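Colleague: Mind looking over this structure? Questions follow.
Each reported figure results from applying straightforward, stated rules to the coordinates on display, with no laboratory input. Just so you know, these numbers come straight off a predicted model, no measurement behind them. Cβ placement follows ideal geometry from the backbone for every residue including glycine, while neighbour counts extend to all protein chains displayed.
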């Protein structure tokens, strides 16, 4: 549910090719060529050959330090055995830093290396005996000075009964006994923004939606009818909301089932989503599909151009991610997947999340956005140190929608703001100035100034005026004390991706069960550890059993213990019994996506 930056002027329509067998040669069309071998997938090694023509004396190649998540993850640490040659001559290779190599040579240079990946989820890469999932930026190097040149990918040694799919467009061809799969992209950035699924998967098209939206599913124990219906409702509503599709073809890559990981990752013409069960799919899919507009095309200038080598800071994630979460929940209730009570419950949970974090008193929505690169550190994620731009942005989105409707007599809404941003920026090929252009657009749509709102609640940390604003929509906020679960330990990812217990509460149940600082968690309740442990914890109850398998030095241990508990304040949103006609109109508009004076029956 984070996003991968891509340069807007490079977002060209992609053509999806599904199970099409065509023989063609991309060598004359592409400057830089990659071949990815899937030989012996059980070893989890992608063998990559990168062919660089027209080298004059030397060339520098680089592996991205980050992609998909706002975290420096140093994908070069997965690389081994890098070598280069020109024809039959081995060329000198000098490593300059952790992600950069300089190669001496002339003419066409081949760079060969292997990279190890066996991580689940939409933010990683995986190769095993069941399938391959590739985020290209995690395994493919680039030439920094030639990132804008067109590229091609050939996948070799694909098992006979496996298929290949990506929004980049793939076609298969038979070359003797070795099966190759080819694709072409206008540049490295476009290639990096098109994940690839390889394996035995189910595939179908969403009925009654144009342009074409296709779905591929790798997984088990999922119900096609339910997945198809949920995705159809989500896509139909969001396409209508934003006045049509910004793509020619779109692809959902779904991993469903035990051990699938969790979360979703948006791309210019596709998304990759991993959920343990299809019941969790609608919330993730509604968020990721809305990213087609908000962030992939309605895009902050602070994220341009993309720099794969270091952190890239922006103050706009409260809008890019948080307001996308606003529209995920609005989509679910307006499309009929959620009831209004589910919508209210979700809003109450987000408010509870904010108000139970002491950092909400001092970290603004903009600062939370700016500090996103600290999320990989467990201490930062604790309630005293940070607040989520997802939660804070989602609540800000709902408050903005109600206030715009109130000030515009329900003739305008946040929907109109998104449509205006889409027209003024996305369709015009321009990027917006973080919060400044959002404020300017809100003022224009509402016909009233919102500078004070942005100063206090977006850039500042004044307490949100929940009761006052919710009352405009005939809603009330009730407060009660509750008890929440606690783990009793904090985790952190090592450079190799291992999840390690970094701190353990000596008085907690985890410590009593035997968990120690430095233990590597290799199994969490029979599967992969959740990517967002804090979010997972919110879905549990005090006393629920947690089973861990950990590695300590040279042996493994099975630990199990009950979750502890802490006191918390619970916020619940409910309807006022007898709202005014104006408040009822705003509430109906919020729930149904309508404007104007009419009341819903």
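Colleague: Using Cβ counts within 10 Å as a stand-in for footprinting exposure, how do 317, 537, 347 rank, fewest first? Could the numbers behind the result be given before it?
Modeller: Working: 317 31, 537 16, 347 22.
Ordered from fewest to most neighbouring Cβ atoms within 10 Å, 317, 537, 347 come out as 537, 347, 317.
Colleague: Moving on. Cα axis of helix 324-334 to longest principal axis of the chain: angle in degrees, 0 to 90, nearest 10?
Modeller: Roughly 60 degrees, rounded to the nearest 10.
Colleague: If I take R0 = 51 Å and measure r between the Cβ atoms of residue 599 and residue 532 in this structure, what FRET efficiency does the formula 1/(1 + (r/R0)^6) give, to the nearest 0.05? Show your work: numbers first, answer last.
Modeller: Numbers: r = 39 Å, r/R0 = 0.77.
Calculated transfer efficiency: 0.85.
Colleague: Further, regarding this structure: Sort 541-547, 92-98 by packing, meaning the average of other beta carbons within 10 Å per residue, with the highest value first.
Modeller: Numbers: 541-547: 13.0, 92-98: 11.3.
Ranked by mean Cβ neighbours within 10 Å, highest first: 541-547, 92-98.
Colleague: If you don't mind, there's one more thing I want to ask. What does the highest-first list of 100-107, 565-572 look like by mean Cβ count within 10 Å? Could you put the intermediate results ahead of the total?
Modeller: Working: 100-107: 17.1, 565-572: 15.0.
Peptide ranking by packing, descending: 100-107, 565-572.
Colleague: Just to be sure I understand: of the beta bridges DSSP finds with both ends in the chain, what percent are antiparallel, rounded to 5? List each step's numbers first, then the result.
Modeller: Values: 95 of 120 bridges.
If we restrict to bridges inside the chain, about 80 percent are antiparallel.
Colleague: Right, next: Based on DSSP H runs of at least 4 residues, each adding -39500 (n - 2.57), what is the mean residue ellipticity at 222 nm of the chain after dividing by all its residues, to the nearest 500 deg cm²/dmol? Please report the intermediate quantities before stating the final value.
Modeller: Values: 14 runs with 140 residues, N = 601.
Dividing the helical sum by the residues of the chain leaves -7000 deg cm²/dmol.
Colleague: Counting other beta carbons within 10 Å of each Cβ, put 521, 209, 586 in order, fewest first. Before the final figure, lay out each step's value.
Modeller: On the way: 521 19, 209 15, 586 27.
Ordered by Cβ neighbours within 10 Å, fewest first: 209, 521, 586.
Colleague: Estimate the FRET efficiency between residue 43 and residue 377 by the formula 1/(1 + (r/R0)^6), using the beta-carbon distance for r and 25 Å for R0, to the nearest 0.05.
Modeller: Numbers: r = 32 Å, r/R0 = 1.29.
Once the sixth-power term is evaluated, E becomes 0.20.
Colleague: Simple spin-label model, 7 Å along Cα-to-Cβ: residue 118 to residue 481 in nm?
Modeller: The modelled label-to-label distance comes out at 5.0 nm.
Colleague: Something else now. Mind jotting down the distance between the C-alpha centroids of region 527-582 and region 237-256, whole Å?
Modeller: Comparing the Cα centres of region 237-256 and region 527-582, I get a distance of 31 Å.
Colleague: Could you put 456, 296 in order, starting from the residue whose Cβ has the fewest other Cβ atoms within 10 Å?
Modeller: Numbers: 456 15, 296 24.
So the ranking, lowest neighbour count to highest, is 456, 296.
Colleague: I need the calculated FRET efficiency for the pair residue 145 and residue 459, taking r as the beta carbon distance and R₀ as 60 Å, to the nearest 0.05. Numbers along the way, then the final one.
Modeller: Details: r = 38 Å, r/R0 = 0.64.
The formula returns an efficiency of 0.95 here.
Colleague: Okay, which of region 271-304 sit inside 14 Å, backbone N to the point 7 Å along the Cα-Cβ direction of residue 223?
Modeller: 277-282
Colleague: Can you compute the modelled spin-label distance between residue 559 and residue 88, with each label point 7 Å from Cα toward Cβ, in nm?
Modeller: Modelled inter-label distance: 5.9 nm.
Colleague: Given the C-alpha centroids of region 386-462 and region 468-502, what is the distance between them in whole angstrom?
Modeller: Taking the Cα centre of region 468-502 as reference, the centre of region 386-462 is 25 Å away.
Colleague: Evaluate the distance, in nm, between pseudo-label points positioned 7 Å from the Cα of residue 340 and of residue 130 along their respective Cα→Cβ axes.
Modeller: Reported label-point gap for residue 340 and residue 130 is 4.2 nm.
Colleague: For a protection proxy built on the mean count of beta-carbon atoms within 10 angstrom, sort 551-560, 504-513, 319-328, 410-419 highest first, please. Don't skip to the end; give the middle numbers.
Modeller: Details: 551-560: 11.5, 504-513: 15.9, 319-328: 26.1, 410-419: 21.2.
In descending order of packing, they fall as 319-328, 410-419, 504-513, 551-560.
Colleague: How much length is gained if the chain between residue 301 and residue 592 is pulled fully straight, taking 0.36 nm per residue apart and subtracting their Cα-Cα distance, in nm to one decimal?
Modeller: Working: separation 291, 0.36 × 291 = 104.76 nm, distance 3.21 nm.
This chain segment gains 101.6 nm when fully extended.
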